[in-house]
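Working notes for the structure below.
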Amino acid sequence: MNVLVIDVGGTHVKILATGHDTPRKFPSGPKMTPQQMVAGVKRLAGTWKYDVVSMGYPGPVLQNRPVAEPHNLASGWIGFDFEAAFDRPIRIINDAAMQALGSYKSGKMLFLGLGTGLGSALVVNGVVEPMELGHLPYKKGTYEDYVGRSAFEERGKKKWRQDVEDVVSRLIAALQPDDVVLGGGNAKELKQLPPRCRAGNNANAFGGGFRLWEQAGDSKPAPSRRESFR
């Protein structure tokens, strides 16, 4: 079974299909609608062959569908029929959870994605639980306000790094994970990783997308909030 994995982000949409080694991408941004995303993916995939689709979505997902509009894209994602648009069975999961699946080794793992915002997911004994930790209150705003891309650009690298270390330490203290993975495009901007953390790789999102179908011999949608990969 050939899988097309789509990683929808606030700045780019990235895709990779079974049998290919090099991902492809195109710009996204605050004006991108789901219709434009689908059209862009089909155009970029070109002659790639795929039977099913996995999609990482930058927001909460329930019953295989987005349940909130993305913060960094245009509206229209709630209620959009992605399966009909791609004419393929599709499994949709939170984007941070998809990268967490690809990063998971064992035990209780916390994944934090430093990108446009703050992606987060917890994997416990192979079961992934997407989270929205970035929107929790912190200082005069939320965690995302201090460790997202806008904070990096507006407050400078030094303050951003300090806030990242503080936020990570707070979340580790609260959740007590065995393993912590820092991923996302801005993780490379850290001078050194906070204690108890290891570096993720954005390519792991594709591994997570392939995993969504590894145990599936059918086209039924994946569980909406939890997916087991023991």
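If I filter the range 122-139 for residues that are in contact with a strand residue (DSSP E or B) (Cβ under 9 Å, 6 or more places away or on another chain), part of a helix (DSSP H, G or I), open to solvent by 10 Å² or more (accessible area, probe 1.4 Å) and more than 19 Å from residue 41 (Cβ to Cβ), do I get at least one hit?
So the first thing to find is which residues in the range 122-139 are in contact with a strand residue (DSSP E or B) (Cβ under 9 Å, 6 or more places away or on another chain), and the list is 122-136.
Retained after the next criterion (residues that are part of a helix (DSSP H, G or I)): 133-135.
Next, from what is left, pick out any that are open to solvent by 10 Å² or more (accessible area, probe 1.4 Å): 133, 135.
Now narrow it down to the ones that are more than 19 Å from residue 41 (Cβ to Cβ): 133, 135.
Yes, the range 122-139 has at least one match.
Six or more apart or on different chains, Cβ under 7 Å: which pairs go from a residue in the range 151-171 that's closer than 14 Å to residue 118 by Cβ to one that's among the polar types (S, T, N, Q) and not in a helix (DSSP H, G or I)? Could you list them?
Between residues of the range 151-171 that are closer than 14 Å to residue 118 by Cβ and residues that are among the polar types (S, T, N, Q) and not in a helix (DSSP H, G or I), the close pairs are 152/186.
Identify, please: which residue in the range 140-150 is of a type outside the set (A, V, I, L, M) and part of a helix (DSSP H, G or I) and is, among those, nearest to residue 119 (Cα to Cα)?
Checked the range 140-150; the qualifying residue nearest to residue 119 (Cα to Cα) is 144.
Got at least one residue in the range 106-115 being of a type in the set (Phe, Trp, Tyr), open to solvent by less than 70 Å² (accessible area, probe 1.4 Å) and assigned to a loop (DSSP other than H, G, I, E, B)? Give the steps one after another, and end with the answer.
Let us first name the residues in the range 106-115 that are of a type in the set (Phe, Trp, Tyr), namely 111.
From the residues that got through so far, the ones that are open to solvent by less than 70 Å² (accessible area, probe 1.4 Å) too are 111.
Subsequent filtering for residues that are assigned to a loop (DSSP other than H, G, I, E, B) retains none.
Looking through the range 106-115, none of the residues is of a type in the set (Phe, Trp, Tyr), open to solvent by less than 70 Å² (accessible area, probe 1.4 Å) and assigned to a loop (DSSP other than H, G, I, E, B).
Kindly check whether there is at least one residue in the range 153-167 that is touching a helix residue (DSSP H, G or I) at 6+ places or on another chain (Cβ under 6 Å) and modelled with pLDDT under 95. Even if it seems obvious, please write down each step before you answer.
Kept after step one, since they are touching a helix residue (DSSP H, G or I) at 6+ places or on another chain (Cβ under 6 Å), are these residues of the range 153-167: 160, 163-164, 167.
Now restrict to residues that are modelled with pLDDT under 95: none.
Within the range 153-167, none of the residues are touching a helix residue (DSSP H, G or I) at 6+ places or on another chain (Cβ under 6 Å) and modelled with pLDDT under 95.
Residue pairs, Cβ under 9 Å, 6 or more apart or interchain, first in the range 82-99 and under 10 Å from residue 57 (Cβ atoms) and touching a residue at least 12 places away in the same chain (Cβ under 8 Å), second among the aromatic types (Phe, Trp, Tyr) and surrounded by fewer than 24 Cβ atoms within 10 Å (Cβ to Cβ). List them.
From residues that are under 10 Å from residue 57 (Cβ atoms) and touching a residue at least 12 places away in the same chain (Cβ under 8 Å), the pairs are 92/82.
Could you figure out which of (1) open to solvent by less than 20 Å² (accessible area, probe 1.4 Å); (2) touching a helix residue (DSSP H, G or I) at 6+ places or on another chain (Cβ under 8 Å) isn't true of residue 70?
Residue 70 satisfies every listed condition except (2).
Taking the condition of being of a type in the set (S, T, N, Q), assigned to a helix (DSSP H, G or I) and within 23 Å of residue 150 (Cα to Cα), how many residues in the range 60-103 meet it?
Within the range 60-103, the first condition is being of a type in the set (S, T, N, Q), and the residues that meet it are 63-64, 72, 75, 94, 99, 103.
Of the ones still in play, those that are also assigned to a helix (DSSP H, G or I) are 99, 103.
Applying the additional criterion that residues be within 23 Å of residue 150 (Cα to Cα) yields 99.
Qualifying residue count for the region: 1.
Filter the range 197-230 down to the residues that are under 20 Å from residue 63 (Cβ atoms), small (Gly, Ala, Ser) and either outside any loop (DSSP other than H, G, I, E, B) or modelled with pLDDT under 50 (or both) and list them by number.
Residues of the range 197-230 that are under 20 Å from residue 63 (Cβ atoms), as a first pass: 208-209, 211-213, 215-216, 218-229.
Add one more test, that the residue is small (Gly, Ala, Ser), and what stays is 208-209, 216, 219, 222, 224, 228.
Of everything in the range 197-230, those that are under 20 Å from residue 63 (Cβ atoms), small (Gly, Ala, Ser) and either outside any loop (DSSP other than H, G, I, E, B) or modelled with pLDDT under 50 (or both) turn out to be 208, 209, 219, 222, 224, 228.
Could you figure out which of (1) outside any loop (DSSP other than H, G, I, E, B); (2) open to solvent by less than 30 Å² (accessible area, probe 1.4 Å) isn't true of residue 48?
(1)
Look at the range 172-193 and say how many of its residues are open to solvent by 10 Å² or more (accessible area, probe 1.4 Å), in a loop (DSSP other than H, G, I, E, B) and more than 14 Å from residue 113 (Cα to Cα).
Residues flagged as open to solvent by 10 Å² or more (accessible area, probe 1.4 Å), in a loop (DSSP other than H, G, I, E, B) and more than 14 Å from residue 113 (Cα to Cα) within the range 172-193 amount to 4.
The values are calculated or read from the model by the stated rules, or taken from the named source; none is laboratory data. Just so it is clear, the model here is predicted, and its values are computed rather than measured. Counting neighbours? That spans all protein chains shown, and the Cβs are built from the backbone with ideal geometry, glycine included. Just the protein is used for accessible areas: all its heavy atoms, side chains included, with ligands, DNA and RNA removed. Shrake-Rupley method; radii C 1.70, N 1.55, O 1.52, S 1.80 Å.
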